[in-house]
1. Got at least one residue in region 262-276 being farther than 30 Å from Gln363 by Cα, in contact with a Pro (Cβ under 9 Å, 6 or more places away or on another chain), of a type in the set (Ser, Thr, Tyr) and away from ligand 2 (no atom under 11 Å from the Cβ)?
2. Any residue in region 307-332 that is on the phi < 0 side of the Ramachandran plot sitting within a Cβ distance under 8 Å of a residue that is assigned to a helix (DSSP H, G or I) and among the polar types (S, T, N, Q)? List the pairs, counting only those 6 or more apart or interchain.
3. Restricting the search to region 311-353, which residues are buried (at least 23 other Cβ atoms within 10 Å of the Cβ) and among the small types (Gly, Ala, Ser)?
4. I'd like the residue in region 300-332 that is over 19 Å from Asn366 (Cα atoms) and within 15 Å of the chain's Cα centre (by Cα) and, out of all such residues, is farthest from ligand 2 (Cβ to nearest atom).
5. Say we look at region 252-273 and pick out the residues that are out of contact with any helix residue (DSSP H, G or I) (no Cβ under 6 Å at 6 or more places or on another chain) and touching a residue at least 60 places away in the same chain (Cβ under 8 Å); which of these is farthest from ligand 1 (Cβ to nearest atom)?
6. I'd like to check which helices (runs of 4 or more DSSP H) are fully inside region 739-814 and have at least 1 residues that are of a type in the set (S, T, N, Q) and either in contact with a Leu (Cβ under 8 Å, 6 or more places away or on another chain) or under 26 Å from Glu625 (Cα atoms) (or both).
7. Have a look at Glu645, Glu633, Glu603 and point out the one that is under 14 Å from Glu558 (Cα atoms) and not in a loop (DSSP other than H, G, I, E, B).
8. Does region 294-304 contain any residue that is part of a loop (DSSP other than H, G, I, E, B), surrounded by fewer than 24 Cβ atoms within 10 Å (Cβ to Cβ) and either more than 15 Å from ligand 1 (Cβ to nearest atom) or of a type in the set (Gly, Ala, Ser) (or both)?
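The values are calculated or read from the model by the stated rules, or taken from the named source; none is laboratory data. As the structure is a computational prediction, the values presented were derived from the model and not from experiment. Glycine gets a Cβ as well: all are built from the backbone with ideal geometry, and neighbour counts include every protein chain shown.
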Amino acid sequence: MKDASPQTVYLSDYTPFGWQVQDVHLTFRLAPEATRVLARIHFAPNPDAPKQEFFLHGEDLTLIHAAIDGRTVSPVQSAEGLTCTVPDGPFLWECEVEIAPAKNTALEGLYMSNGMYCTQCEAEGFRKITFYPDRPDVMSVFTVRIEGEEPVKLSNGNPGKTGEGFAEWHDPWPKPAYLFALVAGDLVNHPDRFTTMNGRDVELNIWVRPGDEGKCAFGMEALKKSMKWDEDVYGREYDLDIFNIVAVDDFNMGAMENKGLNVFNSSCVLASPETSTDANFERIEAIIAHEYFHNWTGNRITCRDWFQLCLKEGLTVFRDAQFTADMRSAPVKRIEDAQMMRGRQFPEDQGPLAHPVRPESFQEINNFYTATVYEKGAEVIGMLKRLVGDEDYAKALDLYFDRHDGDAATIEDWLKVFEDATGRDLTQFKRWYSQAGTPRVSVTEDWADGTYTLTFRQVTPPTPGQPDKAPQVIPMAVGLLNPNGDEVVPTTLLEITEAEQSFRFDGLSARPVPSLLRDFSAPVVMEREASAEERAFLLAHDTDPFNRWDASQMLGIECLIAMITEGATPDTAWLDGLERVLRDTDLDPAYRALMMGTPSQAELARVLHERGHTPDPEAIWNAAETLAQFRAERWADLLPRLAAEATVEAPYSPDAEQVGKRALGAGVLALQTRLDGGKAAQAQFDSADNMTLQLTALGSLVRAGRDAEALAAFEEQWQDDRLVMDKWFGLQIGAAAPDVAVERAQALTRHAAFDWKNPNRFRAVLGGLAMHHAAFHRADGASYALLADWLIRLDDLNPQTTARMAAVFQTWTRYDEGRRALMRAALERIAAKPKLSRDTGEMVTRMLAQ
Ligand code: BES
Ligand code: ZN
């Protein structure tokens, strides 16, 4: 039972725990309805902590027995844990509890998925396993014994004794409880080995359910590449004899970095060409890297408290982005990350859920695994690296690992390392961690006597609890082009620190065209009244691949906004400029595929709102449709050429080159379908020998409304594959016309295979609807109501997934009065649910506070 009146936790209240944990011995006697957990823990007073009552966290635990130094004690229990009188000096705490993993639907703590035992302890799940100081600054060495008949029994660290019905594990590295893991079940492994830079031989395994062993090879290669990359680029070596990954079907998140025993949502590790798309392969490679990289940035150096979450997540996202850029295409990765920032982080930073990269208070920490903490947290590190340069960044990181190995650290520690390594004062830079909101940067130019001056002004709009903002340090990467298209000033980093600041460039022979915020050098909105001619010029000539892409995106946004607000016809100058880029065979197909993409409808709604319009989802949908049809007709000659270039002759491989070609092919097919009514899509669907081509074709058929047969055939073919069926559920909603999507979603919730307790399946259907901008915002509110119904239902079972999905309502105040009232009603209905979880309660309260 959770407390009915939610407590707010404040960063400023931090106090260390009163005891150190010297070692932890855990014994698990596994049984689905009644698992016994026996804990033997040595505590000793912490000399650095103020005197306090001995309190251990514990939730949903049945206390069987507790003893101190061998004598039975009777602790005082509450919904959050227990308190107990303890000796003044060191003592041994022994405790036995009973828990019911089979009844744990929240997928937090010890739970069961398809008969397999598994755990998820971040952030505060260990307290559902035994009584413990469940906070990241309490680190200890764990020894674990698992008793049960399951053939495979895993925990953290290195294997110890095993025998009939038991297995023991010992993790020599002190760790916080959130990194604890246990897995037991009927599993099979895909084994391999890795030799580290110092010759340590490491056993590697990916553990899966029998039948899935053929889908592990790609993940294993990704793991070995990650291990090598972290040695080469960061000098970080793996530190145990064994590294295990387990695939689990029921998992709230993507994956979890438990020490030596990473647990993955099966959708984020299992892959085969027949069942996984190129995007799946890329995501799997990135997430395996991400969790592996946490071994140093998160595990060896962990967080002092959960307010410091970005210390491990922002840095690890930054590291996995570097890895992906190295493995694949750096410009493509940068563009995708900017899309992510604009599509997910900017809306968060500009709405009721806005919070700093390092929040200062929370009710439920699970609600702060956000785009701001992760993606903006990574961008902040990217800015730091740009400001100090690659060499000093490397120096600072070496110092960080050196100085803080074994620590539970803070953002202050992190910044101090940079200050010490570089001699820079980062006081102002630190605002990136404390100030929420997206800075808007406007710029004016001046040209006289060969001197060109750029004047920047920065303003950050108010966010909840932060009405006034101070100027931030903005690294602005700028290049200048001559009117003939030559670059006269190569990329230069300007450091904006003032509310208004000018930079001069002397000795130019003609007034240049500026290329601003190159490589998306800071997470800001550029407000520049650039002419269409200037943007077209950059689209043709910019040497910065990000800005070249962005010039086209901006033209696309202007074009669509003119269509929406003034009934304009599509901008042919833009389309012709873009066509020249698309015809340039020197450019990577992956890059051209991104070029071909138009801004998402959600992004258009955000920009319209930013400019003081009320976004009309129907009008946005219609404009996007009109533009797509116009492009298809105008490019009728171009499409077959691109289709030919996009054809892959070689056997399927998810390498960057093939992926790029198929991405280009997908863009072409979407337009082609508008011309041929689905002929090419049907042909591709019928002949596809990999999931990428099959699913692209199916998407086009759904969009064309010619999907009945293909959907049935697809279901028939894949009904036994859970992960492929998630795609089937999601796609027929996500690609449906806006007027039918909600009915489809409704019908699919009655499908026999709609297992709403499985987060992947729930997200495929309800998330599929919520991500479809025009369908979600259908004027009659049918989608809002359906989603609210399901969130109310899921909340009792799985608060974490409910709360995360509830965030799709965060943009509600942008819309017209009718939609606003309907969304508010949906939120209020959720808020009024009896026994609403703390997770969902906090989210809806914050959204309604607007
Ligand atoms: N530590 C997180 C997993 C996590 C998140 C546990 C929230 C508990 C609550 C893990 O390292 C992570 O960040 N996973 C991401 C994917 C990653 C590639 C950004 C995820 O699960 O989505
Ligand atoms: Zn992470």
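1. For region 262-276, residues farther than 30 Å from Gln363 by Cα, in contact with a Pro (Cβ under 9 Å, 6 or more places away or on another chain), of a type in the set (Ser, Thr, Tyr) and away from ligand 2 (no atom under 11 Å from the Cβ): present.
2. Every condition considered, the pairs that remain are Phe323/Ser226.
3. Across region 311-353, the qualifying residues are Gly314, Ala321.
4. Of all residues in region 300-332, those over 19 Å from Asn366 (Cα atoms) come to 300-301, 318-332.
If we keep only those that are within 15 Å of the chain's Cα centre (by Cα) as well, we get 318-321, 324.
Working: Phe318: 11, Arg319: 10, Asp320: 8, Ala321: 12, Thr324: 14 Å.
The selected residue is Thr324.
5. Here is the first cut: in region 252-273, the ones out of contact with any helix residue (DSSP H, G or I) (no Cβ under 6 Å at 6 or more places or on another chain) are 253, 256, 260-261, 263-266, 273.
Going one step further and asking which of them are touching a residue at least 60 places away in the same chain (Cβ under 8 Å), we end up with 253, 256, 260-261, 263, 265-266, 273.
On the way: Met253: 3, Met256: 5, Gly260: 15, Leu261: 13, Val263: 9, Asn265: 7, Ser266: 13, Pro273: 22 Å.
Out of the qualifying residues, it is Pro273.
6. Details: elements: 741-748, 759-762, 773-776, 782-795, 799-806.
In region 739-814, the matching helices (runs of 4 or more DSSP H) lie at 741-748, 759-762, 782-795, 799-806.
7. Checking each option against the conditions leaves just Glu603.
8. yes
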